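Structure first, then comments.
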Amino acid sequence: PGCSRLRHPFYARRIASYSLASGPAGWALCSGWVTLFQLPPEHLASRMRYMVRMFAAVALLLPLAHAIPAASPAALAFAPRMNGPHQSAQLRGPTPALALQALRGGKPAPAPPAPAPRGSSMLVRVGIMLGMYAAMCVAENLIADKLLAHPSAPSFLSALVAPSHLLGGMVSASYGLVILVNVVGSSFMMVYLSFIPGAARRKYTELAKKKGDRDAEARYSAPKLYAEGFSQEAKEYNCAQRAHQQALETYANFVVCSVIGGVRQPLLTSLAGVLYIISRVKWAQGYATGDPMNRYAASGGWGKHIWTSLLVSFVCAASTGLGVMGIV
């Protein structure tokens, strides 16, 4: 709004071409270019707010961008026309007449190019998830402000979002859920996971002794963290050890981001805590079977959600940081 230059067809074509042809990177670059250079001159805080909102909108639109194949008529219709000697016909793009005909379904699309690298697909999925979690943060704030705090809302819901008297009204009462679930509950969960390598240490020490391993005590006893060798027993013991060690690698990130993110997004952060505890336990139990693939395959579908809960806690912490800065 208010950008007269953006109404020019040249800029419209460029924005569409880079957004559709370049994928998530194109969306991000174009949104940043529009925000920093095409908006009317304003002070830095306003531009930062525009930037954050633009990137949030881009993240929410990533599913649409991902749903359009790179060689579809819609993408090729606006592809940049790079006519260099080393550019293929697909990268050069069709003429405007063929583009309109392709968009109307009158001409089949060219043969699709080679599949995108796995890394770009992962970035798209992460971008989609971050956009979804950002939308969930906005939804929580709207529910707390418009519905739960409404005079006609049930009393227990109003008390949940009311300021906490213990902390001087700095946070809502629902911040207690973050403390109970994400801090206390996850601490008990980590204690439970610490029993897995301890039990495995005793189990495989005795098993190795029965098989005549003279170095069983030195191989499995404390302070040795991982067992050396290529035997099946050493592999299974190391899997049990990793079930605990891998959880330690990201636990501090989860707790810190939960404590920060819960200040502004207590309900979403506490839900992420419940998901984190369940998925961590299921993931560790699958890993402790001795087959590394079972950390996901034998978790009943829960294993992958350790990353879901981590990303949610990151987004909630970012929401608190942006709120402190007064950007959103």
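Data overview
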{"read-out": "Given (1) open to solvent by 30 Å² or more (accessible area, probe 1.4 Å); (2) under 27 Å from the mean Cα position of the chain (by Cα); (3) hydroxyl-bearing (S, T, Y), index of the condition Y133 fails", "value": "(1)"}
{"read-out": "Region 165-184 residues that are of a type in the set (F, W, Y), paired with ones that are part of a loop (DSSP other than H, G, I, E, B) (beta carbon under 9 Å, 6 or more apart)", "value": "Y175/S164; Y175/L167; Y175/G262; Y175/V263"}
{"read-out": "Criterion (over 20 Å from A317 (Cβ atoms), in contact with a Leu (Cβ under 9 Å, 6 or more places away or on another chain) and either open to solvent by 30 Å² or more (accessible area, probe 1.4 Å) or not polar (S, T, N, Q) (or both)) met by exactly one of P197, P163, P223", "value": "P197"}
{"read-out": "Within region 166-176, considering residues that are closer than 19 Å to G273 by Cβ and open to solvent by 40 Å² or more (accessible area, probe 1.4 Å), the one modelled with the lowest pLDDT", "value": "L167"}
{"read-out": "Every pair of residues 6+ apart whose Cβ atoms lie under 6 Å, when the first sits in region 231-246 and is touching a residue at least 12 places away in the same chain (Cβ under 8 Å) while the second is open to solvent by less than 20 Å² (accessible area, probe 1.4 Å) and outside any helix (DSSP H, G or I)", "value": "A234/A227; E236/G290; Y237/A227; N238/A227; C239/G290"}
{"read-out": "Region 204-214, subset touching an Asp or Glu at 6+ places or on another chain (Cβ under 9 Å) and among the charged types (D, E, K, R), residue least open to solvent (accessible area, probe 1.4 Å)", "value": "D213"}
{"read-out": "Some residue of region 232-250 being open to solvent by less than 60 Å² (accessible area, probe 1.4 Å), under 26 Å from F188 (Cβ atoms) and part of a loop (DSSP other than H, G, I, E, B)", "value": "no"}
{"read-out": "Residue in region 146-165 that is within 20 Å of A247 (Cβ to Cβ) and of a type in the set (A, V, I, L, M, F, W, C) present", "value": "no"}
{"read-out": "Every residue from region 270-309 that is under 16 Å from A135 (Cα atoms) and out of contact with any Gly (no Cβ under 9 Å at 6 or more places or on another chain)", "value": "L271, T308"}
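The values are calculated or read from the model by the stated rules, or taken from the named source; none is laboratory data. Computed from a predicted model, the values in this text were never measured in an experiment. A quick note on method: Cβ atoms are made from the backbone with ideal geometry, for glycine too, and the neighbour counts reach across all protein chains shown. These area figures cover heavy atoms from the full protein model, side chains too; ligands, DNA and RNA do not enter into them. Shrake-Rupley method; radii C 1.70, N 1.55, O 1.52, S 1.80 Å.
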